Amino acid sequence: MEQIKLEEFNHWWITNKVDEDLALQFKRDIYNIIEKRIENRFILALTGLRRVGKTTILYQLIQNLIEKKVEPTNILFFSFDDNKAEISDIINSYKDFQKKDFRKERVYIFFDEIQKCVNWENEIKKYYDLYPKIKFIISGSESLFIKKRMKETLAGRLFDFVLATFTFNEYLKFNGVNESEFKYETKIKPFLHSFIERGGFPESLSFKNDREFREYIKALVVDKIVYQDIPKLFKIQDPEFLKVLLELIATNPGAYIDYQSLSKQFDKDRRIIKNYISYLKEGFLINMLGNYRKGSIATLRKKKRAYPTDNSLIYLYTSNINSDFFGKMVETCIVNCLNATTFWKDNGEIDIIHKGIPIEVKYQEKINFGDFKNLREFMKKFNRHEGILVTKIDEKTIDFDEGSIKLIPVHKFLLEERYF
Ligand SMILES: Nc1ncnc2c1ncn2[C@@H]1O[C@H](COP(=O)(O)OP(=O)(O)OP(=O)(O)O)[C@@H](O)[C@H]1O
Ligand SMILES: [Mg+2]
């Protein structure tokens, strides 16, 4: 690797600070969690959807190290996005140019988009085991551990973080609303609507008009993942079909995924459908929820439900959002904010079961007695004494024979994690 190339990536070797356009001021909540672990030996891995702010966090961490008086040349950054290179070549070149002795000196090595480097996990393991003083911080836009053996290779050596789009809390802070002034009517309501409708990408509010915003999501998130990222990792014949499936899920958030009937509908092998859906998941474009079964793995065999990971993906494909559909977007938002993994369907149906607690989303003007039916059925069947109904405005607790149900307005639910 040429020296000039490494210097291009590491301007702080010369300027002693990270460019402010790269190490942006605003820190994500996860930043502090990662920063606390920067001095221990483990490899830190940061993954997540495109455009959520992963690279920015890497630069913020670098700036923070420099502020803590780490010698800037002891920090190496390299991005494999559009740059073909071998890990050993980069590390050896760096060692030679900067005359570093990894046995004596602590160095911090940041590799961005590392999944694009073939066999990266074995290379990293080699250096990790050889040089305890090297700290690796790696990042990728798809799940880095697609194959089980990748995680096994690095077992016991790794902390793994997944960054999503802004939480509602981050979204408000980013837009200058401080926690002390979280007043609903004046401060929160206007932002809640745009957050639900357009999702939580850091750049979501910076576009002049809808067309530009949709073009951004399409070009920099969807097309990039579907035409570049996924085909680089998996042998796929038909990237266009990934988009067809994504659009199907984005326009029907929470849809039951029936591989058999999708196979008929698109005249494609059932395994292809299954694989393509799993690729969308690996690219962090969708989440899949399984059917809740207490103490059993039967959930694996039942139909799953799929949601896009951010509401901007829904917005991209939907020009006319009526109030019913807006309710679906609220539901998607709640699913994503909890990182939900299970719903429940038997006779009745419940949107989310989270840590054993049933949660229904009813974003409507008025809550009716019938809206408690499924929650009560679940509570009775599984002997749980609490349930949650996420509402538009209603806020109270109602006691039933089965237990109590809390009605929580959506903005409060999104802002207060104390419910769990
Ligand atoms: N903390 C932040 N404060 C302000 N803006 C941010 C922040 N993080 C990200 N952004 C905005 O989002 C854009 C994408 O951020 P970044 O490049 O860090 O994301 P990424 O996850 O690395 O994306 P990609 O997967 O495409 O590489 C940035 O150009 C910036 O405008
Ligand atoms: Mg990046």
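The values are calculated or read from the model by the stated rules, or taken from the named source; none is laboratory data. All figures in this text were calculated on a predicted structure; none of them were measured in a lab. For neighbour counting, all protein chains shown are included, and Cβ atoms are generated from backbone atoms with ideal geometry for every residue, glycine included.
Would it be correct to say that Y94 is among the aromatic types (F, W, Y) and more than 14 Å from ligand 2 (Cβ to nearest atom)?
So Y94 fits the description; yes.
Which residues, taken from the stretch 136-157, are farther than 23 Å from N92 by Cβ, away from ligand 2 (no atom under 16 Å from the Cβ) and of a type outside the set (K, R)?
F145, I146, M150, E152, A155, G156
Which of the residues that make up the stretch 249-280 are touching a strand residue (DSSP E or B) at 6+ places or on another chain (Cβ under 6 Å) and either closer than 18 Å to V226 by Cα or in the same structural domain as S141 (by TED's automatic domain parsing) (or both)?
Passing the criteria: I249, A250, L280.
Of all residues in the stretch 98-117, how many are part of a helix (DSSP H, G or I) and surrounded by fewer than 21 Cβ atoms within 10 Å (Cβ to Cβ)?
1
Yes/no per residue for (1) out of contact with any helix residue (DSSP H, G or I) (no Cβ under 6 Å at 6 or more places or on another chain); (2) under 24 Å from D310 (Cα atoms); (3) buried (at least 19 other Cβ atoms within 10 Å of the Cβ); (4) among the hydrophobic types (A, V, I, L, M, F, W, C):
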site	(1), (2), (3), (4)
N119	yes, no, no, no
P132	yes, no, no, no
I138	no, yes, yes, yes
F166	yes, yes, yes, yes
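Away from ligand 2 (no atom under 16 Å from the Cβ), under 12 Å from I43 (Cα atoms) and assigned by TED's automatic domain parsing to the domain that holds E71: is that true of K133 in this structure?
In short, yes.
What number of residues within the stretch 133-168 are part of a loop (DSSP other than H, G, I, E, B), at pLDDT 90 or above and not basic (K, R)?
Residues in the stretch 133-168 being part of a loop (DSSP other than H, G, I, E, B), at pLDDT 90 or above and not basic (K, R): 4 in total.
Among the residues of the stretch 65-80, what is the count of those that are surrounded by 14 or more Cβ atoms within 10 Å (Cβ to Cβ) and under 29 Å from the mean Cα position of the chain (by Cα)?
The total comes to 8.
Tell me the helices (runs of 4 or more DSSP H) entirely within the stretch 195-289 that contain at least 3 residues that are loosely packed, with under 15 Cβ neighbours inside 10 Å.
Because the criterion is at least 3 residues that are loosely packed, with under 15 Cβ neighbours inside 10 Å, the helices (runs of 4 or more DSSP H) in the stretch 195-289 that meet it are 210-216, 259-266, 270-282.
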